[in-house]
1. Output the relative contact order of the chain, whole-number percent, from Cα pairs under 8 angstrom with separation of 6+ residues.
2. Could you work out the helix-only [θ] at 222 nm for the chain, with each DSSP H run of four or more residues adding -39,500 (n - 2.57) and the total divided by the number of residues, to the nearest 500 deg cm²/dmol?
3. In Å², and per residue, what accessible area does the chain have when probed at 1.4 Å with the other protein chains present?
4. On a full-extension model of 0.36 nm per residue, what is the gain between residue 343 and residue 23, subtracting their alpha-carbon distance, rounded to one decimal in nm?
5. At most 14 other Cβ atoms within 10 Å and a DSSP loop assignment: could you name the trypsin sites (Lys or Arg not before Pro) in segment 325-384 that fit?
6. Points 7 angstrom from Cα along the Cβ direction at residue 485 and residue 61: gap in nanometres?
7. Would you work out if segment 189-346 is rounded, prolate or oblate? Take a ≥ b ≥ c from the square roots of the eigenvalues of the alpha-carbon gyration tensor; rounded if a/c is under 1.5, else prolate when a/b is larger than b/c, oblate otherwise.
8. Among all the lysines, which ones have a C-alpha under 19 Å from residue 387's C-alpha, if same-chain residues fewer than 8 places away are not counted?
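The values are calculated or read from the model by the stated rules, or taken from the named source; none is laboratory data. Model, not experiment: these values are computed from the prediction. Because the Cβ atoms are built from the backbone with ideal geometry, glycine has one as well, and the counts that use them run over all protein chains shown. Just the protein is used for accessible areas: all its heavy atoms, side chains included, with ligands, DNA and RNA removed. Shrake-Rupley method; radii C 1.70, N 1.55, O 1.52, S 1.80 Å.
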Amino acid sequence: MSEKQARKDAGWNFDNSYSRLPNFFYTKINPTPVSSPRLVKLNAPLGATLGLNEEVLQSSESLALFAGNEIPDGALPLAQAYAGHQFGTFNMLGDGRAHLLGEQLTPQGERVDIQLKGSGKTPYSRYLDGRAGLGPMLREYILSEAMFALGIPTTRSLAVVSTGESFLRDTEQPGAILTRVAASHIRFATFQYASQFGTVEELRALADYTLARHFPKSDGEENRYLALLQEVIKRQALLIAKWQLVGFVHGVMNTDNIAISGETIDYGPCAFLDVYDPETVFSSRDTEGRYAYSRQPEMAAWNLTRFAETLLPLLHEDKKQGAKLIEDAIAQFFVQYHANWLAGMRSKLGISKEEDEDESLITGLLNLMQMYRADYTNTFRALTLDKPEDTFMYDKLDFRQWFELWQARLGRQQETKAYSHQLMRNHNPAIIPRNHRVEEALTSAVIQEDYSVMERLLEVLANPFAYSPEQVDYASPAKLTACPYRTFCGT
Ligand code: AMP
Ligand code: MG
């Protein structure tokens, strides 16, 4: 037996179906090696679900892989091309600092993309350096894993390595590479790229590939491309409702940051609401509030319309009829989104069956939260724990009146109070990744090279519905400051 065979296998099982699309869709290119990589975070449980051996993932061989210094057997690195709307303006884009290594075929028979982010320049880098900072890559790790634990479709994070190299942004920053796991990296902007710069055959190849990969059940449909559009709409309607229900603000819903799979992707300047203010914006670049919390459903529909337009040549030979199909499908987005949101809100308030007045009960609470600047998560947490005094609104007459209405509403359903509170516990997280907690973890990791703060944070975020004693400390919002929280993209 050779030395290589005697060593344990990491469990990589790559296929490269994306590379079998026309080469118009990508550029084959290897990551740029880095000088002294160090594994700073590994997601062993995720690795296990992918069929990867933890011991080998901890080894120097795997470090070289996560750093982009070695290409594993079966991988075929490439950068994907895309072109989309950034804050409403159409631009040619593409993976400027990411390399798709290939698709891991998991023991459960799933196919997931393994992508390095921050792994060096590609032909799509434009004037940028192809690198990513340690802080932002750890931030994506924390936020994406927190979203996963909250039950929200998302890309995942397998590993973060620091590169040992620093680069200049506003200040000198240590570099890092994130290994990202995604259902796929096909974006709305991938379709826009095909529509704008490709032939109809190339567009059809992408649509067929997407159908086969994500929506195989649409195979027998009469109009497969309409089925594709409807499925993508359905997944966005679910995803955005989940964002709204948990108070998540993506921050940069440009069409290049929206995945066809319906997963949350590209964690840049995103954050969770503290006080309930629908106008909340976290991105320093979003000066006009385009991607404010309250506008996310509307912007999702805008993005879906851009996606739908790319399908026009495939939807119907008659353009007008194609446009009508799009119009009807987009109208469905709002219907589905609203139904998902309402169902989720009912659960957050322990309501099991529908009554017509439920929506006004829900908006009544949201209005009070907005007026009294109540904390979004902690208001629902207090109601879940049957401690209305912890909402900090209990001394207000109008809140008391709302509370009585809600109690009466619960009293009208057959289920016990205990049942309602269990329903609420299942739908109201005890904790979310609070901005000040995330920043504290990042500062300690990046500046002091102490990862223990981040590890503790990740631990409590892994079970957001546990209501455990350790979570109490992490539930408090930041002290109010005069300066609103902002995060930065392109970081
Ligand atoms: P983002 O704002 O992160 O969604 O990125 C928008 C586009 O800019 C994508 O095409 C990225 O690949 C590209 N990009 C962002 N940062 C860099 C960088 N440091 N180097 C090269 N390309 C980048
Ligand atoms: Mg992006």
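1. For the chain, the relative contact order is 14 percent.
2. Calculated from helices alone, the mean residue ellipticity at 222 nm is -13000 deg cm²/dmol.
3. Per residue, the chain has an accessible area of 43 Å².
4. Working it through step by step, the gained length comes to 110.8 nm.
5. 353, 373
6. Each label point is offset 7 Å from its Cα along the Cβ direction, giving 4.2 nm.
7. Because a/c hits 1.5 or more and a/b exceeds b/c, segment 189-346 counts as prolate.
8. Correct list for residue 387: 348, 396, 417.
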